[in-house]
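Some notes on the structure that comes next.
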Amino acid sequence: MVDLQVDIAGLKLKNPVTTASGTFGFGEEFVDFIDLDKLGGIFVKGLTIKSREGNDYPRMAETPSGMLNAVGLQNKGVDYFIDSIYPRIKHWDTEIFPNINGSVIDDYIAVAEKLNEVKGINGIELNISCPNVKEGGMAFGVSCPSAIAVTKAVRKAYDKTLIVKLSPNVTDIAEIAKGVEGAGADSVSLVNTLLGMAIDAKTKKPLLSTITGGLSGPAIKPIALRMVWQVYNAVKIPIVGMGGIMNGNDAIEFMLAGSTAIQVGTANFIDPQVSEKIVDEIEQYCISNGISKVTDLIGGLITE
Amino acid sequence: MKRIQDFSVIDTLWLNSSSYILILKSETSIEKIDPGNFAEIKIPDAADIFLRRPISVYDVDHEKKEISFYIKAIGKGTSKLGSLLPGSKVNIVYPLGNSYTPVKNKNALIVGGGSGIAPFKLLGEQLRGLGSKVTYLFGARTSEEIVLTDVFSKLGKFNCTTEDGSLGEKGLVTSHSIFKNIKYFDIVYTCGPDPMMKAIAKIAENNNIRCEASLENMMACGIGVCLCCVTPTIRGNAVVCSEGPVFQSTDLKW
């Protein structure tokens, strides 16, 4: 038996495999395909204080080994989540992490305060890295002082596990990670999507209504791995790594680079069973390599 | 219940230079499929095609464990699917989306264009089974693009338009003479290019006839989680893959 349990600042996940916000709905969309109880956690669709319609169509463009999206945080607001969605999904034996967003610090605080009162929700992901809308807070995530300011404010409002989701659209992600660690973050998750763009040469028009959007999928995996490694070497808090994870092997690579847990994102669109498969593949890897505790993989990169 | 399932290619029946029917067979039973449902098809052996392709179901045979798709080869993915040899493995996620509302003992007009004729074999069969009378009207550029007339003629009265006049009435589908007697119909079902569907919906709405349109927005997940395929409606942005693809035309703000 392999011990797959990991620990995010005191919050125990039964295994390191979670699903990324915006790629897994509220989990219930996947019940025909997988057993949600097998997952370490689910990061549900991004929430804002008020409901949002998101950006105009088209919001998606397929790109080599990945895709661009510009959804723009379409959601019905945090109250709707707490009153109508969470009661439907709380019975699953997995950690549910809301992903919170705002355009001003007070909005983040308001959302965090509401979620702080919800029994059964033991952690939130503070999104300061959505590239598609002002309310997604990338403005906060790309400068160290503002990342620190929003993290400090939400830290005061939220007593449980606080994971800050970092933007890769920065010069030095390790510096930002250190900043939010100092501001009270329990953990950092990275990376959100990379700002990108696609053009139709025939029509000379952009493929997204917003012109630019967030790139995800295997195309960004080498960048994401590098950033996880840099952050791992800069902070002491646990890292939730993501960026183009398509299978168990990719997940192992993220753990070797320093991730305590991982998020499966865009891969869910191609194989709705992939998250559960990755749990099994990590276990198989451990068995094949004589590893009794999955935590032994964290930062296990051999560099000499 | 939605399922992810492996199939083998039985055949790709090319109907003209650009469209074909892909017939897939499974070892196991096939889920119940309603007219308008679609599948997300993984393009096999195509490293350069990242996402699945949403394709409307054309036909299903539960006894033979076969499912088939009417596909127009318009991009890399749909061209690749048409080149698959018998025996090739294809993985699909299905049945996805909602379906057309069936009506009993009514007169139904079904208007299709392009790949939008795909759901109308199953719909025609269902409506006939409920005692409704089916009239088809399909539009194309030339007679070469009017396909499967034998199949549809068995299910209802078949009409078509071609832009060059090579088959049926000459002109766009919206100018067909059948619309002079539009009040004969109780419901209009449509699928095809947006401008065509909008024009059809307008005619139906002007005559207080219910119209249901199936949208073909670009999709990533197909199961309502990525929220990429939205369309504006009177209730805000609706997710086409899970709240649609079939919408009552009066709900759409297109």
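Across the stretch B:80-109, which residue is surrounded by the fewest Cβ atoms within 10 Å (Cβ to Cβ) among those that are part of a helix (DSSP H, G or I) and touching a Leu at 6+ places or on another chain (Cβ under 9 Å)?
Checking each candidate, the answer is B:82.
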>> Go through (1) closer than 29 Å to residue A:73 by Cα; (2) more than 14 Å from chain A (Cβ to nearest Cβ) for residue B:229 and report which single condition fails.
In response: (2)
> Are any residues in the stretch A:56-75 facing another protein chain (nearest Cβ under 7 Å) and within 20 Å of the chain's Cα centre (by Cα), and if so, which ones?
Replying inline: A:59, A:60, A:65, A:66, A:67, A:69, A:71, A:74
> Inside the stretch A:63-90, can you point out the residues that are touching a helix residue (DSSP H, G or I) at 6+ places or on another chain (Cβ under 9 Å), of a type outside the set (Ser, Thr, Tyr) and closer than 19 Å to residue A:244 by Cα?
Replying inline: A:64, A:66, A:67
> How many residues are surrounded by fewer than 17 Cβ atoms within 10 Å (Cβ to Cβ) and either modelled with pLDDT under 95 or within 8 Å of another protein chain (Cβ to nearest Cβ) (or both) if we restrict to the stretch A:22-37?
Replying inline: 1
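Name the strands (runs of 3 or more DSSP E) wholly within the stretch A:199-303 that hold at least 3 residues that are under 21 Å from residue A:22 (Cβ atoms) and within 14 Å of another protein chain (Cβ to nearest Cβ)?
Working: elements: A:212-216, A:239-241, A:259-264.
Strands (runs of 3 or more DSSP E) meeting the threshold: A:212-216.
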> Where residues in the stretch B:1-59 are aromatic (Phe, Trp, Tyr) and more than 18 Å from residue B:72 (Cβ to Cβ), which of them is nearest to the other protein chains (Cβ to nearest Cβ)?
Replying inline: B:50
> Scanning the stretch B:240-254 for residues that are surrounded by fewer than 19 Cβ atoms within 10 Å (Cβ to Cβ) and not in a strand (DSSP E or B), which turns out farthest from the other protein chains (Cβ to nearest Cβ)?
Replying inline: B:250
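I'm trying to understand the selection: among the residues of the stretch B:205-218, which are among the hydrophobic types (A, V, I, L, M, F, W, C) and facing chain A (nearest Cβ under 8 Å)? I'd like the intermediate steps shown before the answer.
So the first thing to find is which residues in the stretch B:205-218 are among the hydrophobic types (A, V, I, L, M, F, W, C), and the list is B:209, B:211, B:213, B:215, B:218.
Within the stretch B:205-218, B:218 is the sole residue that qualifies.
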>> Quick check on my filter: what residues within the stretch A:183-207 are touching an Asp or Glu at 6+ places or on another chain (Cβ under 9 Å) and of a type in the set (A, V, I, L, M, F, W, C)?
In response: A:188, A:198, A:207
> All but one of (1) in the same structural domain as residue B:111 (by TED's automatic domain parsing); (2) in contact with a helix residue (DSSP H, G or I) (Cβ under 6 Å, 6 or more places away or on another chain) hold for residue B:210; which doesn't?
Replying inline: (2)
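Need at least 1 residues that are in contact (Cβ under 8 Å) with a residue 12 or more places away in the chain, among the β-branched types (Val, Ile, Thr) and within 25 Å of residue A:72 (Cβ to Cβ) per element, so show me which helices (runs of 4 or more DSSP H) inside the stretch A:126-182 make the cut, counting only ones lying wholly within it. Break it down into steps so the answer makes sense when it comes.
Details: elements: A:138-141, A:144-157, A:173-182.
Qualifying helices (runs of 4 or more DSSP H): A:144-157, A:173-182.
The values are calculated or read from the model by the stated rules, or taken from the named source; none is laboratory data. In this text, all values refer to a predicted model and were calculated from it rather than measured experimentally. Counting neighbours? That spans all protein chains shown, and the Cβs are built from the backbone with ideal geometry, glycine included.
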